[in-house]
Amino acid sequence: MSNDWFETVAVAQRRAKRRLPKSVYGALIAGSERGLTYQDNMKAYGELQWAPMVADHKSERKLDTTVMGIPISLPVLISPTGVQAVHPEGEVAVSRAAANRGTIMGLSSYASKPVEDVVEANPNTLFQVYWSGTRDAMLHRLERARAAGVKGVILTLDWSFSNGRDWGSPWIPEKLTLQAAMRFAPQAVTRPAWLLDFLKTGSVPDLSTPNLAPADGGPAPTFFGAYGEWMSTPPATWDDVAWLREEWGGPFMLKGITRLDDARRAVDAGVTAISVSNHGGNNLDTTPASIRMLPGIADAVGDQVEVLLDGGIRRGGDVAKALALGARAVMIGRAYLWGLAANGQAGVENVFDVLRGGLDSAVLGLGHASIDELSPADFYMPPNFRRDLGTGDAAEQPATKPSARKTRPATRRAKPEPAEPRPDDAVALGNA
C-alpha cells in the first residue's frame, strides 16, 4: 500500500508534476517574463540566517493568532487562486482542509466552485474580488458573498497584464469544446490518475467562473470571459478602493502592496488589512521578493492595519521569518495547490501540517514560547536585504557614479552570460 504522506512541500510539488497534465502544471508554475521575481520570492528566505539558542527552550509554544477578527490555530491562510483544475473538488476540498486545520479560506472570484459551497465547508471564508465590470456588477458579487456568509473581502489590484513567459505559456482553452478536448487528450492520457479522478465525477473542468454569474441569472462567464471583462475595466483609483470598502462595511483586505506610500494610502482608505504581495511573481517581473519589502511596509503602517504577506512560502521557517519581520500571518498559494494535486483534501491538510511543524521548530529553537516573540533579533539579515520602495526620497536609493565603475580592457573577452534557469528548475534545487 502506498504512503501518500509527504514530508515537505517540495515533495508535494514533485508528485503534482508527475500527476498533472503539462498545461495544468504549467499554469500553476506561472511567473511572468524571466521568472526572476518568482525565484526571488523563495530565494530571499534563505538569506535570513537563524540564530538558534542552545538552552532554556520552552516546552510549549503558542502558534495561534487572529486575522481580521477571526481566531485561527496557526498564522497561515489560504490565498485565493482561480479555477483549480488540479482536482475535481477544487476549492471545496481546500476549504474543508483549512477548516480542519483551524484557519481561513481565501476564495477567488475566479474560482471553479460557488461561494455558497465553499462557505458551507468553512464558515471562515474571505471572498476575493478584482476591480472588474460595473459598480453594480461588483456590488452584486459582494451581496451574494454576504448572503453566503463570508467573513470578509479581499480586493486584489496588483495584476497588470504582464504574462509573457520566456519558457512559454501553457495552452488553456477558453472552454472545453470537443475540438479543445481532442487537442488536450494527449496530455490527459499520459496522466491517467488525474483523468480518472475527473471521470469518476462524470465531468471535466469547464473553466467557468460561477461566482461571476450575472445578476440576471445568465450563464457564468468562462475564465477568459472574466479576464476580458477585467482587462476592459478602467483601473481602480484610491477613491474606488474607499468606496468598495465602505459598501462592504466589514473586514476588508487590500492585496498587492509593494510600496510604503501605497501602504499609507491603504490606511487612509480605511482597510482592515493589507497583504504585501507581488502576485506570486505573476505581475511585473524583477519586482523584489515580498519578504524583502515587508519590514519597511510594516514599519510604515505600524499597528494601524494588520499586515500579511504572500509569496514564496514553502516551509514553516519561512512563516516564522515573515512574522519576525512584521507580518501577522502569511497566505499560501502554490504550496497548497501542490498538496491538492498530490493527494486532494488530505494533501492540503498535509501542507498545513508541514508548515505548522516547521513553524513550531523555529519557535522552539529560538527559545520562544509564542510566535508573538519572534523578531529580527532571531536571525542575521544581510545589509542589502531590504527593499523599501515608494519612499519618495531618491537619496535613500543606492547609486553608482559612472566614473567609479570598473571596466575591462577592450582586448579582454567577457565571460558568456549563464543560461537563465526555467522557473521549474527550483524543483530540482528543493526551493519550491
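Points worth noting:
- Neighbourhood net charge (12 Å Cβ-Cβ; Lys/Arg +1, Asp/Glu -1) for Val92: -3
- Cross-link table Lys255/Lys321; Lys17/Lys321; Lys43/Lys321, entries beyond 18 Å C-alpha to C-alpha: Lys255/Lys321; Lys17/Lys321
- Tail weight of P(r) past 17 Å, computed on alpha-carbon pairs of the range 2-57, percent: 62
- Heavy-atom accessible area, probed at 1.4 angstrom with all protein chains present, ranks Thr103, Thr81 as Thr81, Thr103, highest first.
- Förster radius 22 Å - calculated FRET efficiency between Glu116 and Trp243 (Cβ-Cβ, nearest 0.05): 0.25
- Loop-located GluC sites (Glu not before Pro) in the range 1-86 whose Cβ has at most 14 other Cβ within 10 Å (DSSP): Glu7, Glu60
- Between the range 312-360 and the range 248-282, the alpha-carbon centres lie 21 Å apart.
- Summing charges over neighbours of Trp50, with a neighbour being any other residue whose Cβ is under 9 Å away from its Cβ, gives 0 when K and R count +1 and D and E count -1.
- With a Förster radius of 41 Å applied to the beta-carbon distance between Asp206 and Ala236, the computed FRET efficiency rounds to 0.90.
- Convex hull volume per residue in cubic angstrom - Cα atoms of the range 67-163: 110
- Neighbourhood charge, 13 Å Cβ-Cβ cut-off, centred on Arg314 and excluding it, Lys, Arg +1 and Asp, Glu -1: +2
- Label-point gap, in nm, between Asp261 and Asp56 - each point 7 angstrom along Cα→Cβ: 4.5
- The accessible-area ordering, largest first, of the residues Thr66, Thr286, Thr209 stands as Thr286, Thr66, Thr209, per a 1.4 angstrom probe.
The values are calculated or read from the model by the stated rules, or taken from the named source; none is laboratory data. Only a predicted model underlies this, so the values are computations on that prediction, with no experimental measurement involved. Neighbour counts are summed over all protein chains in view; Cβ atoms, including those assigned to glycine, are modelled from backbone coordinates with ideal geometry. Accessible surface areas use protein heavy atoms only, side chains included; no ligands, DNA or RNA. Shrake-Rupley method; radii C 1.70, N 1.55, O 1.52, S 1.80 Å.
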